[in-house]
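Have a look at the structure below, then the notes.
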Amino acid sequence: MTEPVRSPGLWVLAWRRLRSDRVGLVSLVIVLFYLGVVLLSSMGWIARDWTREVGVNYAPPPFWANDQDETAKALPPPPEPATPPSLYGLTDPLGSVLADIRREYPHDLVTHDLPRRLTLPLGGDKWGHDVLTKLVKGSQTSLMVGLVSALLATALGTFLGALAGYFGGWVDDGLNWLFGVFTAIPYLLLVFAIAAVLQERGVTTLILILGLTGWTGVFRLMRAEFLKHRSREYVLAAAAMGASHARRMFVHILPNTSHVILVQLSLNVVGFIKSEVILSFLGFGVPVDVVSWGSMLNEAQNELVLGKWWQLAAAGTAMAILVTAFSMLTDALRDALDPRLQRRED
Amino acid sequence: MLLRVRNLRVDFQTGRGRSTTAVRNLGFDLPERTTLALVGESGSGKSVTALSLMGLLPQGLAQLGGESEIVWQGHNLLQGGEERWQALRGREMAMIFQEPMTSLNPVFPVGAQLMEGLRLHMGLSRQAARDRAAELLELVGIPEPRRRLDAYPHELSGGQQQRVMIAMAISTHPRLLIADEPTTALDVTIQRQIMELLMKLQQDMGMSMLFITHDLALVSELATQVVVMRHGELREAGSLRQVFDAPADPYTQALLACRPRMGERPRRLPVIEDFMRGATRAASPPPQRSPVSPGGEVLLTARGLCKHYVIREGLWKQRVFSAVRDVSLEVGQGRTLGVVGESGSGKTTLGLMLAGILRPDQGSVEVGTGPHGVQIVFQNPYASLNPRFTVAHILMEPLLLHGVGTTRLEREERARELLDQVGLPRNAMGRYPHEFSGGQRQRIAIARCLALRPEVLVCDESVSALDVSVQAQVLNLLRDLQDEYHMSYVFISHDLAVVHHMADDILVMQQGRVVEAGPADRLFADPQHPYTRRLLEAVPGRR
């Protein structure tokens with residue numbers, strides 16, 4: 001018997017084309033780097049202690065420190081009061097309890113504040129948090145929100161678009177009506193309305209808001225794709241063989257639209273990262289105990305008045321690089337996955 | 001000599017410094033007032049040749065060889081600049097294309113499009129151009145030409161659109177008319193009218209015509225000179241009689257022999273390999289098929305099939321369009337029912353209903369062994385195979401769906417057997433459809449149908465998109481499979497010669513109705529219905 005031949009599939013061909021696209025490849029490396037950082041940070045291996053106040057207030061980055069006056073000195077940790085302060089003759093109701101705790105766990109109540117540093121690699125914020133670790137943690141939040149909400153929105157849009165395009169008729173009419181309602185309301189207004197109704201602020205809420213409002217673009221495209229493919233002969237042939245509706249939709253048609261889905265997904269990631277930043281900046285985003293690029297930029301508007309520009313620069317640059325790289329990668333992916341280009345090359 | 005072509009070579013850039021040669025070493029002469037046919041299958045370079053004569057090759061992508069010569073009345077056009085082409089194009093040489101619908105601008109009335117060329121090239125005033133445009137429409141046989149000037153392209157039928165294109169082309173009294181497959185997209189009866197129009201115009205106006213086609217039967221009717229091309233090279237050139245009666249080149253011989261002819265019904269069609277291997281024209285005529293295959297029990301019965309579509313017009317109004325009206329048929333075991341008709345006759349809708357893909361509005365389809373006893377092979381082998389599936393995946397899908405074979409290995413073995421049956425190598429399993437040629441893809445599609453061991457196979461224009469030489473191979477394959485498995489076929493086609501070759505019984509459809517039905521031999525010999533007669537008379541190459 002002859003040796004079976006395995007031909008390169010679409011993804012292998014796409015990877016080959018992507019590899020020869022230098023801009024796309026560089027963008028891919030940058031995006032992978034960000035994803036790596038996010039992974040490490042979510043595993044708790046880096047930037048776990050971003051809340052520690054390691055520097056002086058508004059510690060500048062080292063190269064900026066030279067221009068500053070030397071008034072900011074390393075502050076020694078405040079001495080622990082030897083005796084409890086005078087209570088004006090009242091007895092402290094918790095005094096005995098505290099004394100017990102102090103006796104049993106002598107180390108827990110000692111503040112181990114190290115001497116605060118005068119400069120930090122990317123500067124410090126109002127409380128002396130290290131902007132670098134804050135940035136890493138913020139990237140984790142922003143990217144997580146962007147990725148998960150984009151996945152949610154794309155999955156929702158794909159599913160609804162598939163239903164509308166494949167079945168047509170009243171299913172299509174109904175879903176189009178829903179689509180019309182969502183697109184008729186100005187986007188930010190819709191997002192604010194949902195945020196106001198949901199009350200609870202948090203990363204999950206944010207993901208839900210973005211995911212549930214952002215499916216419309218994907219829906220429109222996927223509906224058109226399914227409309228186009230459902231009467232293609234290969235789908236009719238599957239029908240003649242007795243393939244069910246679900247099988248025709250998701251096993252036969254869906255892989256043929258994967259390039260559209262992938263491009264939509266990455267466009268959504270970029271869009272939602274920016275949306276998260278805007279929402280957090282406006283105070284509708286992540287809660288106070290979570291840091292994201294948006295909350296960093298929100299803080300930065302007050303700092304900027306004082307001339308402390310580094311937090312703004314750090315968050316802004318990190319975001320700009322990622323968004324640019326992601327957009328470039330999307331472009332490269334679109335080229336690499338276009339089946340028409342593939343045919344020309346054969 | 002009007003046009004002389006020598007050493008024509010066209011290369012196409014395919015990216016990253018690579019290129020393919022579309023035409024090499026082509027040379028022919030086209031005298032005044034002559035029709036020359038450029039014949040070839042897909043990829044033969046015939047259309048590229050036409051474009052290079054007009055100077056319309058895509059710039060940057062295509063490159064003409066350094067020794068190429070295109071001599072127009074003694075001047076080599078390749079040495080002049082672009083201005084020379086500009087002066088000739090649309091004035092001295094004109095071109096008509098295959099698809100009239102895409103060649104006309106949909107947002108302007110046809111009159112305006114006709115007048116544009118007249119005012120530009122002939123310097124006519126508005127009123128004079130309008131008068132001339134009406135004259136031209138009359139000349140190409142459009143009724144009520146004055147009124148039709150204000151019609152938009154979509155208001156005209158396909159044949160009328162092609163007539164308008166011809167009117168545009170001849171409006172400047174060109175000396176050369178290049179017609180690139182001008183009738184391929186049209187129905188047989190319309191094709192006949194357009195052919196007659198072109199021949200008449202060529203005579204009356206004293207033009208030369210370069211007629212590009214894949215259909216040798218058409219050539220025999222209108223050309224005096226023939227050039228046969230294959231893979232970008234000239235295979236044979238000469239006068240019509242010479243090429244048709246005593247072809248010297250094996251490829252020309254094969255092309256002439258592969259095509260089913262109305263007069264005879266051989267058991268098998270000769271295929272191109274027979275000739276290319278060096279054997280000259282088959283010495284003895286191939287054995288004729290017995291007039292009617294033995295009929296067994298009836299496998300497929302359809303009674304009173306109807307299918308309507310509701311078309312929305314405006315907001316409230318709707319119109320019911322009947323695609324198929326009250327069609328009944330029976331197909332016996334091992335027999336082939338041919339369904340013929342022009343576009344819009346409802347033959348495809350009928351096929352889809354027989355295969356169980358469309359539900360009929362009225363009537364019923366009964367199959368011997370249940371709904372999947374009928375499988376369907378479509379027209380376009382490029383669209384009927386899922387491009388993301390490997391051949392193995394395509395062939396194993398029906399097995400998986402119907403629980404044939406218990407393990408993956410068993411199913412793979414069955415898929416390999418299917419490949420054997422349709423004459424494809426077993427190592428095709430891991431490949432994707434786009435790596436195969438049109439004929440091979442159609443074999444894969446047939447193999448997929450065979451997977452469920454159907455009793456009836458519906459072939460909806462299954463060989464229409466294939467080149468003549470490949471068509472013969474697929475027709476032979478279908479015939480072999482029928483003999484081996486005693487399947488029944490419903491063979492749907494607009495091509496009467498092919499249907500005549502394949503079918504035992506014929507159903508003639510017009511506008512959703514069956515207008516005539518009966519045994520093939522009787523129906524072709526003695527058609528009763530006027531529509532059937534019209535169809536048969538329109539078949540090219542019957543003289």
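Taking the stretch B:336-358 as the range and being more than 19 Å from B:Asn380 (Cβ to Cβ) and of a type in the set (Val, Ile, Thr) as the test, the residues that pass are B:Thr336, B:Val340. Screening A:Ala82 against (1) small (Gly, Ala, Ser); (2) modelled with pLDDT of 90 or more; (3) not in a helix (DSSP H, G or I) leaves a single unmet condition, (2). Being touching a Lys or Arg at 6+ places or on another chain (Cβ under 6 Å) and under 19 Å from A:Leu322 (Cβ atoms), is that true of even one residue in the stretch A:273-290? No, the stretch A:273-290 contains no residue that is touching a Lys or Arg at 6+ places or on another chain (Cβ under 6 Å) and under 19 Å from A:Leu322 (Cβ atoms). Among residues of the stretch B:461-476 that are within 18 Å of B:Leu216 (Cβ to Cβ) and touching a residue at least 40 places away in the same chain (Cβ under 8 Å), those with a beta-carbon under 8 Å from a residue that is crowded, with 21+ Cβ neighbours inside 10 Å and hydroxyl-bearing (Ser, Thr, Tyr) at least six positions away or on a different chain give the pairs B:Ser464/B:Ser493.
Of the residues making up the stretch B:237-266, just one is of a type in the set (Asp, Glu) and under 15 Å from B:Ser469 (Cβ atoms), namely B:Asp249.
Could you say whether any residue in the stretch A:224-241 is more than 13 Å from chain B (Cβ to nearest Cβ) and touching a Ser or Thr at 6+ places or on another chain (Cβ under 8 Å)? Checked against the condition, which is being more than 13 Å from chain B (Cβ to nearest Cβ) and touching a Ser or Thr at 6+ places or on another chain (Cβ under 8 Å), the stretch A:224-241 yields at least one hit. Residues considered: B:Arg18, B:Arg9. Of these, the only one that is modelled with pLDDT of 90 or more and either touching an Asp or Glu at 6+ places or on another chain (Cβ under 9 Å) or not acidic (Asp, Glu) (or both) is B:Arg9. Of all residue pairs spaced 6 or more apart or on separate chains, those with beta-carbon atoms under 7 Å, a first member in the stretch B:72-83 that is touching a residue at least 24 places away in the same chain (Cβ under 8 Å) and a second member that is outside any loop (DSSP other than H, G, I, E, B) are B:Trp72/B:Leu3; B:Trp72/B:Leu88.
B:Ala169 meets the conditions (1) outside the structural domain of B:Leu139 (by TED's automatic domain parsing); (2) within 22 Å of B:Trp72 (Cβ to Cβ); (3) in contact with a strand residue (DSSP E or B) (Cβ under 8 Å, 6 or more places away or on another chain) in every case but one. The failed one is (1). Can you find even one residue in the stretch A:260-281 that is within 14 Å of another protein chain (Cβ to nearest Cβ), over 26 Å from A:Ala193 (Cβ atoms) and buried (at least 18 other Cβ atoms within 10 Å of the Cβ)? Within the stretch A:260-281, one or more residues are within 14 Å of another protein chain (Cβ to nearest Cβ), over 26 Å from A:Ala193 (Cβ atoms) and buried (at least 18 other Cβ atoms within 10 Å of the Cβ).
Counting only residues that are of a type in the set (Phe, Trp, Tyr) and farther than 22 Å from B:Met54 by Cα, the stretch B:82-140 holds 1 of them.
If I ask for residues that are over 14 Å from B:Val514 (Cα atoms) and hydrophobic (A, V, I, L, M, F, W, C), which ones from the stretch B:301-323 would you list? Those that are over 14 Å from B:Val514 (Cα atoms) and hydrophobic (A, V, I, L, M, F, W, C): B:Val310, B:Ile311, B:Leu315, B:Trp316, B:Val320, B:Phe321. Reported count of residues in the stretch B:501-543, each being without any contact (Cβ under 8 Å) to a residue 40 or more places away in the chain and within 28 Å of B:Leu256 (Cα to Cα), is 7. When B:Asp29 is tested against (1) at pLDDT below 90; (2) farther than 21 Å from B:Thr172 by Cβ; (3) surrounded by fewer than 19 Cβ atoms within 10 Å (Cβ to Cβ), just one condition goes unmet, and that condition is (1). Counting the residues of the stretch B:32-58 that are touching a helix residue (DSSP H, G or I) at 6+ places or on another chain (Cβ under 7 Å) and more than 20 Å from B:Asp467 (Cβ to Cβ) gives 3. Hey, can you tell me all the residues within the stretch B:481-516 that are among the acidic types (Asp, Glu) and under 25 Å from B:Ala451 (Cβ atoms)? Selection gives B:Asp483, B:Glu484.
Within the stretch B:107-118, identify whether any single residue is in the same structural domain as B:Thr184 (by TED's automatic domain parsing), within 24 Å of B:Leu198 (Cβ to Cβ) and outside any loop (DSSP other than H, G, I, E, B), and answer yes or no. There is no residue in the stretch B:107-118 that is in the same structural domain as B:Thr184 (by TED's automatic domain parsing), within 24 Å of B:Leu198 (Cβ to Cβ) and outside any loop (DSSP other than H, G, I, E, B). Taking the stated definitions as given, is B:Pro106 closer than 26 Å to B:Thr184 by Cβ and either buried (at least 18 other Cβ atoms within 10 Å of the Cβ) or free of Cβ contacts under 8 Å to residues at least 24 places away in the same chain (or both)? It is false that B:Pro106 is closer than 26 Å to B:Thr184 by Cβ and either buried (at least 18 other Cβ atoms within 10 Å of the Cβ) or free of Cβ contacts under 8 Å to residues at least 24 places away in the same chain (or both). Going through A:Leu227, A:Leu156 one at a time, which residue ends up being aliphatic (A, V, I, L, M) and under 30 Å from B:Thr348 (Cβ atoms)? The match here is A:Leu227. Here the stretch B:395-407 is the region considered, the condition is being part of a helix (DSSP H, G or I) and more than 9 Å from chain A (Cβ to nearest Cβ), and the residue that is nearest to the chain's Cα centre (by Cα) is B:Leu395. Does the stretch B:11-33 contain at least one residue that is assigned by TED's automatic domain parsing to the domain that holds B:Glu233, part of a loop (DSSP other than H, G, I, E, B), β-branched (Val, Ile, Thr) and closer than 27 Å to B:Gly238 by Cα? Taking every residue of the stretch B:11-33 in turn, none turns out to be assigned by TED's automatic domain parsing to the domain that holds B:Glu233, part of a loop (DSSP other than H, G, I, E, B), β-branched (Val, Ile, Thr) and closer than 27 Å to B:Gly238 by Cα. Kindly indicate whether A:Tyr166 is within 14 Å of another protein chain (Cβ to nearest Cβ), buried (at least 19 other Cβ atoms within 10 Å of the Cβ), on the phi < 0 side of the Ramachandran plot and aromatic (Phe, Trp, Tyr). For A:Tyr166, the condition - within 14 Å of another protein chain (Cβ to nearest Cβ), buried (at least 19 other Cβ atoms within 10 Å of the Cβ), on the phi < 0 side of the Ramachandran plot and aromatic (Phe, Trp, Tyr) - is not met.
Quick grid of which residues meet (1) surrounded by fewer than 21 Cβ atoms within 10 Å (Cβ to Cβ); (2) more than 27 Å from B:Ala472 (Cα to Cα); (3) free of Cβ contacts under 8 Å to residues at least 24 places away in the same chain; (4) among the polar types (S, T, N, Q):
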residue	(1), (2), (3), (4)
B:Pro387	yes, no, no, no
B:His393	yes, yes, yes, no
B:Glu397	no, yes, no, no
B:Val404	yes, yes, no, no
B:Thr407	yes, yes, yes, yes
B:Met429	no, no, no, no
B:His434	yes, no, no, no
B:Ile444	no, no, no, no
B:Ala447	no, no, no, no
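The values are calculated or read from the model by the stated rules, or taken from the named source; none is laboratory data. Note that the coordinates shown come from a computational prediction; the quantities given were computed from them, not determined experimentally. Counting neighbours? That spans all protein chains shown, and the Cβs are built from the backbone with ideal geometry, glycine included.
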